[in-house]
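Written out below as structure tokens is the structure these notes cover.
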Amino acid sequence: MTTTAVSLGTIETRVGSVELRRGGTGQPIVYLHSAAGEGLGLGFLDDLAQYGEVLAPIFPGFGESEGIEQIDDIEDAVFHLLDLFDRLGLDSPAVVGLSLGGWMAAELACRYPDRVSRLVLVNPAGLYVPGANIHDIFGRTPREMAADLFADQSNPIAQMMLQMDKLVTEGGVGSITFDMIKPQIKAMTASARLGWNPYLHNPKLQGRLWRVTARTLVINGEKDGLIPSAHGETYAREIAGAKLVTMTDVAHMIPLEKPGELAQVTGEFVGN
Amino acid sequence: MRIFNFHLMPYTGLPDDYDGPAWITCPNEFFDPALGNKLYNRYLDELVYSEELGFDGVCVNEHHQNAYGIMPSPNLMASILARQTKRMKIAVVGNALPLYNPPTRVAEEFAMIDNISGGRLIAGFVVGGGPEYYSFSINPAHARERFQEAHDIIIKAWTEPGPTEFMGKHYQLRFLNTWPKPVQKPHPEVWIPGAGSLETMDFVAQKRYAYMGIPYFHIDFFDRTFGMFREACERAGYEPDPLQSGWLVPIYVAETDELARQQYEEHFWYFVKRLLPGINISPPGYTSLRSIENILKGFGMWVSSVKTWEEVVDGQYAIVGSPATVLEKLEASVERLGVGNLLGLFQLATLPADLTRNSTELFSREVMPRLRERFGTDAALAVKEAV
């Protein structure tokens, strides 16, 4: 498979300058990242750019994107995305979102259905499902998080998290430098603004999903330890005509675990 | 200077085989109300007795869902103390403002305590510890904004004629008209604890409030912190009064140095190893990036990193010894830090009532008078508004 390189730029928005990864040609496909703020060196975006023009903004507060202090909740997040779409000339793109990004995509698609043509929700957050709580992301160790996020602990990112955990356990907090944890602190801080309480969900969202008109694909990672499969199933049930796919041998971070396979499933769905 | 007896009201009944955190998720099945009944009454007795011993005041504080200090409402304790004492200052250090909605509640309860006590309240305002944001599910990313607005509401309620209103981002109050109002004018003395963030110091300096150093650090860390606070006051255009700063430190006095360590050490380690674990959790957004960088630098100077008793002594994580030893150390450190308020933790962790009493009596009889001879007996810090 040939890859189309996605390159990094910035775009001015109402809340400030935000980073944008962009590449490929054809129908626009917007990718919204998770609370991990994945983006740098994300091969998945290159793979996805085989199927259209990929636009992957880094949300305010993540990476070097500015303006998080002007965003207090998921409603502000939706208005930021609308602003971004307008500035990019995106009328009604396909929107793909992982986890936190899936929540944003779903909020956008039910509030402004005419701005989303295809919706792909990958291990989406955003709902409260009784008896199937989303595990904690704000107070656990990197080791615990890695176990939830990756089916295969030998994944390079999982290995990095385990290394971090080892440093803290063996050398105390003092062995961690600020630069090592800065990206993660920024990502968690931005995520907390949106999802500290109610925890990674909007109690109103489920009752609004009937408004989604985009053709919708929900992808569950079979071994996701963070968001139970009942969440994807609920989205698939509440959104008219939604299709539910379960990918095997992956957990939460599917774009990092099986980038090629996810790009293919997603690309073929949005191209139809 | 002024000398206070600070009480955390620790829980002493954790099971021996429990080695988890004392905060947020420490199972509340460990709480035994029969023990709670004994502890609360004993601890209140210890605070009330401080008046007889000649302390300038007592301090209580607020923490939730933990074994470190079973005082979710320090205002309840302070209102009892307001009735049971006649002379001492009662410092509530403090109320965690973002946890009260609306924060009018703090203006009301503090004013009640000030009325009942005849103007003896010291009003402490805190952002609340990191664990509080988990325990109350309050968004830590909004902590500083909420603290600022809550502070403005309380001061407005106390100093401006009501009814008035407050329109902020987090709180909108159409009819702000607090009854009662405090006895002390323009309002009770305000104390703000801080862990070294420059933003907090500048705020305290500009308002001419008093800055209380967050405890359990190496003496060098406090020295740096209070130096930074003096600089903040200088930036605000004045020399701070020593009463504008306070040092909180565990103190234990016995007849001899040997006896003091022998009686005290196990309780100190219980505190460090059983009651502190979990206190340090820092929820995302609770601290600015710049402050996190500072705080990381201070971690090696915090008591949890200490392994031996010699390190405890060297870093003055606790002042322990005979009256002569304790006096000598306190004189030197109070002088070095330039603080006008000494906040002693005389009861700590599992330290039993008899030892606590003996230590506090020895301190008041043999150490306190010498400290006063040396540093004077300032009665109160006049509340001044920033010009």
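The values are calculated or read from the model by the stated rules, or taken from the named source; none is laboratory data. Everything numeric in this text was worked out from a predicted model, so none of it was measured. With ideal geometry, Cβ positions are generated from the backbone for all residues, glycine too; neighbour counts draw on all protein chains shown. What goes into the accessible areas is simple: the full protein's heavy atoms, side chains included, and nothing from ligands, DNA or RNA. Shrake-Rupley method; radii C 1.70, N 1.55, O 1.52, S 1.80 Å.
Here is how the numbers come out for the structure above:
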read-out: Selection count, region B:121-138, where residues are open to solvent by 20 Å² or more (accessible area, probe 1.4 Å) and facing chain A (nearest Cβ under 10 Å); value: 4
read-out: Within region A:115-140, tally of residues that are assigned to a strand (DSSP E or B) and open to solvent by 10 Å² or more (accessible area, probe 1.4 Å); value: 1
read-out: Tally of residues being in contact with a Ser or Thr (Cβ under 8 Å, 6 or more places away or on another chain) and either within 22 Å of residue B:86 (Cα to Cα) or buried (at least 24 other Cβ atoms within 10 Å of the Cβ) (or both) across region B:98-108; value: 2
read-out: Of residues in region B:334-377 being at pLDDT 95 or above and of a type in the set (S, T, N, Q), the one nearest to residue B:317 (Cα to Cα); value: B:347
read-out: Filter result (assigned to a helix (DSSP H, G or I) and either polar (S, T, N, Q) or open to solvent by 40 Å² or more (accessible area, probe 1.4 Å) (or both)) within region A:76-114; value: A:76, A:79, A:86, A:87, A:111, A:114
read-out: Some residue of region A:203-210 being touching a Cys at 6+ places or on another chain (Cβ under 9 Å), away from every other protein chain (no Cβ under 14 Å), open to solvent by less than 40 Å² (accessible area, probe 1.4 Å) and assigned to a helix (DSSP H, G or I); value: yes
read-out: Residue list for region A:146-157, filter: over 14 Å from residue A:169 (Cβ atoms), open to solvent by less than 40 Å² (accessible area, probe 1.4 Å) and in a helix (DSSP H, G or I); value: A:148, A:149
read-out: Residue A:267 being touching a Pro at 6+ places or on another chain (Cβ under 8 Å) and open to solvent by less than 30 Å² (accessible area, probe 1.4 Å); value: no
read-out: Unique match (being closer than 20 Å to residue A:252 by Cβ and within 14 Å of chain B (Cβ to nearest Cβ)) among A:184, A:159; value: A:184
read-out: Contacts under 6 angstrom Cβ, first residue in region A:34-50 being at pLDDT 95 or above and open to solvent by 10 Å² or more (accessible area, probe 1.4 Å), partner assigned to a helix (DSSP H, G or I) and hydroxyl-bearing (Ser, Thr, Tyr), 6 or more apart; value: A:35/A:191
read-out: Count - residues of region A:211-224 that are in a loop (DSSP other than H, G, I, E, B) and either touching a Leu at 6+ places or on another chain (Cβ under 7 Å) or among the acidic types (Asp, Glu) (or both); value: 4
read-out: Helices (runs of 4 or more DSSP H) wholly inside region B:254-336 that include at least 1 residues being closer than 30 Å to residue A:191 by Cα and within 10 Å of chain A (Cβ to nearest Cβ); value: B:289-298
read-out: Extreme residue, farthest from residue B:133 (Cα to Cα), among residues of region A:191-200 that are of a type in the set (Gly, Ala, Ser) and within 8 Å of chain B (Cβ to nearest Cβ); value: A:191
